[in-house]
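The values are calculated or read from the model by the stated rules, or taken from the named source; none is laboratory data. None of these values were measured; they are calculated from a predicted model. Here the Cβ positions follow ideal geometry from the backbone for every residue, glycine too, while neighbour counts run over all protein chains shown. Surface areas here come from the heavy atoms of the whole protein model, side chains and all, with no ligands, DNA or RNA. Shrake-Rupley method; radii C 1.70, N 1.55, O 1.52, S 1.80 Å.
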Number of protein chains: 2
Amino acid sequence: MTEITEATIAADPKVPAIRITRDFTATPEQLMRAHTDPDLFKLWIGPDSLENKIDYWDARTGGSWRYIAARGGDEFAFHGCFHEVGENKIVQTFTWEGMPEGVSLETIWFEDLGDGRTRLHAESLTNSFEGRDAWLKSGMEVGVNEGYASLQKLVDDGKI
Amino acid sequence: MTEITEATIAADPKVPAIRITRDFTATPEQLMRAHTDPDLFKLWIGPDSLENKIDYWDARTGGSWRYIAARGGDEFAFHGCFHEVGENKIVQTFTWEGMPEGVSLETIWFEDLGDGRTRLHAESLTNSFEGRDAWLKSGMEVGVNEGYASLQKLVDDGKI
């Protein structure tokens with residue numbers, strides 16, 4: 001079996017969305033916990049060079065979240081609300097507070113591949129192609145790939 | 001001065017969004033109250049033929065909302081979360097529970113035109129042109145126009 005360890009990050013051809021897929025050696029339930037438990041989430045999200053601090057976090061349908069990623073004296077804050085927290089699916093909003101006008105609608109779901117493997121699907125929808133393409137060119141793949149590698153390591157180390 | 005009393009409802013040519021504008025004889029503050037106070041909101045939203053009941057409502061950044069519109073034995077429920085509730089702006093998610101996979105990201109803001117008049121701008125972003133166009137063809141303009149006429153009447157009657 002070919003194992004995908006890099007995330008596939010693609011620009012949707014029709015709508016201003018980014019689509020990400022990434023396979024994990026983990027169950028859907030473990031990936032849900034990694035995305036909804038703040039004490040786990042802060043350990044893996046984003047590039048390795050940033051340390052995350054949860055400001056508030058209420059992972060239920062109608063809840064909301066905010067965290068701060070810090071490196072030296074630099075801080076980057078992100079926040080959103082949870083539109084839906086289902087069994088294998090999360091729909092939420094997302095804003096980087098450095099660009100507060102930019103809001104994206106994110107849908108993340110987990111497809112059980114069997115044999116203890118799960119495919120993560122993420123769709124991030126914005127209201128302009130320019131904004132979407134700027135995000136794609138920002139180097140975001142570093143944070144995505146480092147973050148997902150950290151998530152896989154938490155599973156491998158029995159921490160999730 | 002030409003008064004616009006019908007809403008302008010337009011399909012964005014580039015992205016799967018609907019854009020609505022509608023002028024009111026009201027202040028931005030009155031329109032914010034009409035959109036954030038549940039006891040006012042339920043009096044005007046949607047077509048005249050439906051009666052609205054608020055299930056839950058917490059109009060602040062990170063809050064959430066749900067209401068049910070009823071006509072005879074038929075009930076239509078809607079819910080979402082508030083990504084941002086600012087001074088003259090609301091960013092929220094929206095789902096009609098009859099089609100739970102369809103989630104839109106709505107941005108509503110109020111432009112002060114002076115002389116006690118305000119222009120409402122609304123953007124409703126979805127993740128497909130097909131979904132957006134089906135919504136446009138659903139007869140939604142009846143609910144939009146009847147609702148905004150009811151909102152104006154609440155202002156005219158001194159209830160907001």
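This table checks each residue for (1) of a type outside the set (D, E, K, R); (2) in contact with a helix residue (DSSP H, G or I) (Cβ under 8 Å, 6 or more places away or on another chain).
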| site | (1), (2) |
| --- | --- |
| B:47 | yes, yes |
| B:86 | yes, no |
| B:94 | yes, no |
| B:107 | yes, no |
| B:117 | no, no |
| B:130 | no, no |
Report summary line: Per the list (1) closer than 18 Å to residue B:106 by Cα; (2) in contact with a helix residue (DSSP H, G or I) (Cβ under 6 Å, 6 or more places away or on another chain); (3) in a loop (DSSP other than H, G, I, E, B), residue check on residue B:9 breaks on (3)
Report task. Answer yes or no as to whether residue A:110 is buried (at least 16 other Cβ atoms within 10 Å of the Cβ), farther than 20 Å from residue A:62 by Cα and in contact with a Ser or Thr (Cβ under 7 Å, 6 or more places away or on another chain). Result -> yes
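Considering only residues that are of a type in the set (D, E, K, R) and under 26 Å from residue B:156 (Cβ atoms), which ones fall in the stretch B:63-122?
Of the stretch B:63-122, the ones of a type in the set (D, E, K, R) are B:66, B:71, B:74-75, B:84, B:87, B:89, B:97, B:101, B:106, B:111-112, B:115, B:117, B:119.
Of everything in the stretch B:63-122, those that are of a type in the set (D, E, K, R) and under 26 Å from residue B:156 (Cβ atoms) turn out to be B:71, B:87, B:89, B:106, B:111, B:112, B:115, B:117, B:119.
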Query - the stretch B:58-117, residues that are among the aromatic types (Phe, Trp, Tyr) and free of Cβ contacts under 8 Å to residues at least 60 places away in the same chain - result: B:65, B:67, B:76, B:78, B:82, B:94, B:96, B:109
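Within the stretch A:113-160, can you find the residues that are within 14 Å of another protein chain (Cβ to nearest Cβ) and exposed (fewer than 13 other Cβ atoms within 10 Å of the Cβ)?
Here is the first cut: in the stretch A:113-160, the ones within 14 Å of another protein chain (Cβ to nearest Cβ) are A:121-133.
Once the filter is applied, which keeps residues that are within 14 Å of another protein chain (Cβ to nearest Cβ) and exposed (fewer than 13 other Cβ atoms within 10 Å of the Cβ), the stretch A:113-160 yields only A:130.
If you check B:62, B:80, which single one turns out to be facing chain A (nearest Cβ under 10 Å), assigned to a strand (DSSP E or B) and surrounded by 14 or more Cβ atoms within 10 Å (Cβ to Cβ)? Talk me through it step by step, then tell me what you get.
Working: B:62 fails: assigned to a strand (DSSP E or B).
Selected residue: B:80, the only one of B:62, B:80 that is facing chain A (nearest Cβ under 10 Å), assigned to a strand (DSSP E or B) and surrounded by 14 or more Cβ atoms within 10 Å (Cβ to Cβ).
Tally the residues that are more than 12 Å from residue A:62 (Cα to Cα), outside any loop (DSSP other than H, G, I, E, B) and either within 14 Å of chain A (Cβ to nearest Cβ) or touching a Ser or Thr at 6+ places or on another chain (Cβ under 8 Å) (or both), restricting the search to the stretch B:48-59. Break it down into steps so the answer makes sense when it comes.
Of all residues in the stretch B:48-59, those more than 12 Å from residue A:62 (Cα to Cα) come to B:48-55.
Among the residues that remain, those that are also outside any loop (DSSP other than H, G, I, E, B) are: B:51-55.
Pick out the ones that are also either within 14 Å of chain A (Cβ to nearest Cβ) or touching a Ser or Thr at 6+ places or on another chain (Cβ under 8 Å) (or both) and you get B:54-55.
Number satisfying all stated conditions: 2.
One line per residue, one yes/no per condition, for (1) within 14 Å of residue B:108 (Cβ to Cβ); (2) open to solvent by 40 Å² or more (accessible area, probe 1.4 Å); (3) in a helix (DSSP H, G or I); (4) within 14 Å of chain A (Cβ to nearest Cβ):
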| residue | (1), (2), (3), (4) |
| --- | --- |
| B:15 | no, no, no, yes |
| B:19 | yes, yes, no, yes |
| B:22 | yes, no, no, no |
| B:34 | yes, no, yes, no |
| B:42 | no, yes, yes, no |
Query raised in the report: Would you say residue B:98 is over 15 Å from the mean Cα position of the chain (by Cα), away from chain A (no Cβ under 14 Å) and farther than 30 Å from residue A:86 by Cβ?
Result: no
